[in-house]
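Right, one structure below, let's go through it.
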Amino acid sequence: MGGKLGLIAGGGALPLSVAARCEAEGRPVFVIRLAGFADPHLAHYPGIDAGMAEIGRILTAMKKADCKVVCLAGTVSRPDFKTLKPDFKGATLLPGIIAAATRGDDALLRKILSVFEAEGFAVEGADDILGGETLPPGALGKVQPTEEQLTDLRKALYVAEKSGELDIGQGAVVCDGLVLAVEAQEGTDAMLMRVAGLPADLRGSPSARKGALGKAPKPIQDLRVDMPVMGARTIEMAAAAGLAGVGGVTGKLILIDRPSLIEAADRLGLYVWGEDK
């Protein structure tokens, strides 16, 4: 798409990857570091720190910086709207945003996107900026899953998709056909920690791995904003939970630092699988 990028940065590694890719390709980037979420290392890039409800300030800063395109990347917890401190623009938009939030996270994200589009910004997905670094079909790395292991993964993906239809989350863990966990607002890391705390007879172990983490986009979500992501940390935590592997839908799971992800999977003996849908 091109043009100077306004990066609205939440938490996690994805905003850092997007900003680094822009820097490597010589594409100008201006980072809106959301207070309480954005990684401190993003201060390396031109930009501002801003609260979630300072919408007018964010829009003004992006226009002054001559941004043409906006990308929303990173994790942001749903706020307590009563505690937000909006600027004037934010105050005018907040009732509509709150109304959208009552219909679910996806409605909320679509409402936020519409604010930027109404101001003339084009919206670009993080996966496009990263050059399409999404999960390819089949095995990624040295470990090949067995058909039995793929049965668990496919059920995990099915559960994640059904959960997504209700706007609950993007992930699920299945072991020996039993659903061990479904991701909700706590996120993938916290879900995997829950799995690691389950009784040993329900899950695998480092010496006898079994079960799978499946991550799938919500059927109703805008993939430009909220495509599932996976990085080496996901692999490390899946391994700690005794899982045999992880997977997602081909082309609909962003890989954070693909070489590091593959290295972690090969070192720990986990498979990474892209399932065609």
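Some notes on this structure:
- Looking at the chain, the accessible area is 44 square angstrom per residue; that uses a 1.4 Å probe and ignores ligands, DNA and RNA.
- Apportionment of accessible area to carbon and sulfur, region 30-163, percent (1.4 Å): 56 percent
- Label point distance in nm, E186-T83, each placed 7 Å from Cα along Cα→Cβ: 2.0 nm
- About the Cα centre, charge dipole magnitude for the chain (Lys/Arg +1, Asp/Glu -1 at Cβ), debye: 440 debye
- Taking 20 Å as the cut-off, the amide N atoms of region 206-238 that come nearer than this to a point 7 Å along the Cα-to-beta-carbon line of A139 belong to 206-215, 232, 235-236, 238.
- Under 20 Å from K89, Cα to Cα: aspartates and glutamates that are on another chain or at least 8 residues apart: D49, E54, D66, D80, E117, E119
- For region 20-167, the residue among G74, A61, L150 whose Cα projects farthest onto the positive side of the dipole built from Cβ charges is A61.
- Once the Cα atoms are used to define both axes, helix 258-268 deviates from the longest principal axis of the chain by about 30 degrees.
- Less than 5 angstrom separates the built amide H of A184 from none of the residues sequence-distant by 5 or more or on a different chain.
- In Å², nearest 10: area of Y158 left accessible to a 1.4 Å probe: 120 Å²
- Between 0 and 90°, nearest 10: helix 55-64 axis offset from the chain longest Cα axis: 80 degrees
- Here region 189-205 and region 22-88 have alpha carbon centers that stand 35 Å from each other.
- Note on H41 and Y158: the extension gain reaches 38.5 nm, defined as 0.36 nm multiplied by sequence separation minus the Cα-Cα distance.
- The dipole here belongs to region 152-260: it is taken about the Cα centre, uses +1 on the Cβ of Lys and Arg and -1 on the Cβ of Asp and Glu, and is about 280 debye.
The values are calculated or read from the model by the stated rules, or taken from the named source; none is laboratory data. These numbers were taken from a predicted model, which means no experiment stands behind them. Cβ sites come from the backbone with ideal geometry, for glycine too, and all protein chains shown count toward neighbours. Keep in mind that these areas ignore ligands, DNA and RNA; they rest on the heavy atoms of the full protein, side chains included. Shrake-Rupley method; radii C 1.70, N 1.55, O 1.52, S 1.80 Å.
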